[in-house]
1. Compare the Cα positions of A:F55, A:T40, A:A73 along the charge dipole of region A:12-75 (+1 at Cβ of Lys, Arg; -1 at Cβ of Asp, Glu; about the Cα centre) and return the one farthest towards the positive end.
2. Only four residue types carry charge here, +1 at the Cβ of Lys and Arg and -1 at the Cβ of Asp and Glu. Report the dipole size of region B:2-135 about the Cα centre in Debye, rounded to the nearest 20.
3. Over the Cα atoms, compute the radius of gyration (one decimal) and Dmax (the largest Cα-Cα distance, rounded to a whole number) for region B:46-142, in Å.
4. Taking neighbour counts of Cβ atoms within 10 Å as a proxy for exposure, in what order, fewest first, do A:K60, A:K65, B:K121 appear?
5. When the Cα atoms of chain A are enclosed in a convex hull and the volume is divided per residue, what value in Å³ results?
6. Using the 10 angstrom Cβ neighbour count as an exposure proxy, how do B:M47, B:M1, B:M67 rank, fewest first?
7. Set the Förster distance to 30 Å, then compute FRET efficiency between B:Q31 and A:K63 from the Cβ-Cβ distance, nearest 0.05.
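Any read-out appearing in this document is the output of simple, stated calculations on the displayed coordinates, not a laboratory observation. Model, not experiment: these values are computed from the prediction. For neighbour counting, all protein chains shown are included, and Cβ atoms are generated from backbone atoms with ideal geometry for every residue, glycine included.
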Amino acid sequence: MTNQRVTISMPQHLYEKLAAQIPARKMSSVVCEAVERYITSKESIPPESDPVSNFFQLAKKMKKKEDITIQEAIEKGRE
Amino acid sequence: MQRCILDASFILTAAFDVHGKVAKTFEQLFQDHKKNQNTLYILPHTMLEIANGLRFSQDNEKLSKEMMQRVLALPLEIFKPSLMQMEKAIELSYATKTTVYDAIYHVVAIALDGIFYTCDKKYVLATKGMGNISLIEPKRTL
C-alpha cells in the first residue's frame, strides 16, 4: 500500500494531549485510525439524500412524544 | 427573503411528531430554503437545548447522538445576538415573566423582522399580542 504524506495543523491544546499519550512514531497510525472512524461514521448517512430527509429518516426510529414532554426535556435542569 | 428563527421545541417536535403539522411546517421551511426564499436561523444555545431535549426524552443514547449529528447537518445558520439584543431579551423576560432562553429568540426575530417558529405554547401565551412569532401546534397522535 502506498502512503500519501500530508501536513496537518491542530490546536495547541489538542496536540499537547496527543503528544503526551502517543509516541511520535505512532502519530501517523493514530491519526489514520481517527480519520477512518470519521469517514465510517459519515458513510452511515446516505450521501445521496438531503439533510432534511436524513433527519426524518432517523426520527422515524425514535420514540414519539407529546410536545409538553419535549418542552420539559429541553428545560430540564435549568432551575 | 424571509428570516426564520427556529427554537429547540420546533426542531425536536418536528422530529418526534413526524406526520403532524410541525413536521410539515418544518419540511416546507426547508423546501423554501432550497429555493433561496428564506434564511433559517438558530441561536448559539439552541444546539445545547436540543441535546438536553434528546437526553431527557429519549432512552436510546446511540439514536440521540445520531440525531444530534443530523440536526447539526441541517442548513441552519447560527445567529449570535448582540449585547443590545441580550438586554432586550432580559427586559422582555421580566415583562412577560418568561425565561431569557426563550425571549432571546423572539427579540432576534423582531430585530431581523423575521418570524420566531416555536411549539412553546406557554411562551406564546405569555407574550400574547406581540408579533413576529408563529406557534406551531402538533397534531395530537398520542
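1. Towards the positive end, the residue furthest out is A:T40.
2. Values: 15 positive and 14 negative charges, 35 e Å.
It comes to approximately 160 debye.
3. Taking only Cα atoms of region B:46-142, I get Rg and Dmax of 15.0, 42 Å.
4. Numbers: A:K60 10, A:K65 21, B:K121 15.
Ascending Cβ contact count within 10 Å gives the list A:K60, B:K121, A:K65.
5. Values: hull volume 16.4 nm³, N = 79.
It comes to 207 Å³ per residue, whole-number rounded.
6. Values: B:M47 17, B:M1 10, B:M67 25.
Listed from fewest to most nearby Cβ atoms, that is B:M1, B:M47, B:M67.
7. Values: r = 26 Å, r/R0 = 0.88.
According to the calculation, E is roughly 0.70.
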